[in-house]
1. Show the residue pairs meeting these rules: Cβ distance below 6 Å; 6+ apart or different chains; first residue within region 54-76 and assigned to a helix (DSSP H, G or I); second residue among the basic types (Lys, Arg) and surrounded by 14 or more Cβ atoms within 10 Å (Cβ to Cβ).
2. Scan region 114-145 for residues that are within 14 Å of the ligand (Cβ to nearest atom) and either in the same structural domain as LYS65 (by TED's automatic domain parsing) or part of a strand (DSSP E or B) (or both) and jot them down.
3. Could you grab me the full set of residues in region 57-76 that are loosely packed, with under 14 Cβ neighbours inside 10 Å and either touching a Gly at 6+ places or on another chain (Cβ under 9 Å) or not acidic (Asp, Glu) (or both)?
4. Keeping to region 104-113, report how many residues are within 15 Å of the ligand (Cβ to nearest atom) and assigned to a loop (DSSP other than H, G, I, E, B).
5. Assess whether SER48 counts as being loosely packed, with under 14 Cβ neighbours inside 10 Å and part of a loop (DSSP other than H, G, I, E, B).
Amino acid sequence: MVEINQDKESHSTLHELRDGARRDVEALVEFELGVEGLAEDKAALLGSYIREDIHSAGTAFSELKTELNFMERRAGEWLLSAADQTAIDWLWLDLCLHKDSGQLMASETVCDQALHCLNCGASYKAKGLVTLSPCDQCGTRFFQEDINRH
Ligand SMILES: [Zn+2]
């Protein structure tokens with residue numbers, strides 16, 4: 001009788017976990033659909049800006065790009081928060097151990113160094129002794145030093 005109750009409990013727990021996972025996936029899909037809908041709305045708005053004023057279109061495109069980058073970063077952070085932290089730590093350690101000698105990471109210290117973001121290509125020039133922070137444009141933590149532009 002006890003075993004039957006334990007089976008029912010484990011079945012119920014498994015069922016709850018499956019429902020929870022399904023709700024999380026549905027929430028993620030809704031979020032992505034929301035982002036797509038937002039992009040479609042922004043595209044329609046961008047079209048009207050182009051007809052009215054080409055200068056406004058440039059501003060709207062810049063705002064759209066910033067907004068989409070923000071949404072992409074938030075979605076990535078959300079997915080990482082749901083992932084197994086140990087697996088993420090191992091990936092991070094692997095990246096740290098196998099990075100190229102010309103690659104720099106946020107929290108490293110550089111001195112009078114020109115570098116660019118490995119993700120978006122944004123250029124930076126460290127004047128004096130500087131501790132690197134994640135890229136201002138995209139949040140990436142990896143940079144490549146520019147050897148020719150000290
Ligand atoms: Zn970047």
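The values are calculated or read from the model by the stated rules, or taken from the named source; none is laboratory data. Note that the structure is predicted; figures quoted are calculated from it, not measured. Positions of Cβ are generated from backbone atoms using ideal geometry, with glycine treated the same way; all protein chains shown enter the neighbour counts.
1. Hits for this filter: LEU64/LYS42.
2. LEU115, HIS116, CYS117, SER123, TYR124, PHE142, PHE143, GLN144
3. Correct list: GLY58, THR59, SER62, LYS65, THR66, PHE70, ARG73, ARG74, GLY76.
4. Going residue by residue through region 104-113, those that are within 15 Å of the ligand (Cβ to nearest atom) are 104-106.
Then keep just the ones that are assigned to a loop (DSSP other than H, G, I, E, B); that gives 106.
Within region 104-113, residues that are within 15 Å of the ligand (Cβ to nearest atom) and assigned to a loop (DSSP other than H, G, I, E, B) number 1.
5. Numbers: loosely packed, with under 14 Cβ neighbours inside 10 Å: yes; part of a loop (DSSP other than H, G, I, E, B): no.
Answer is no for this residue.
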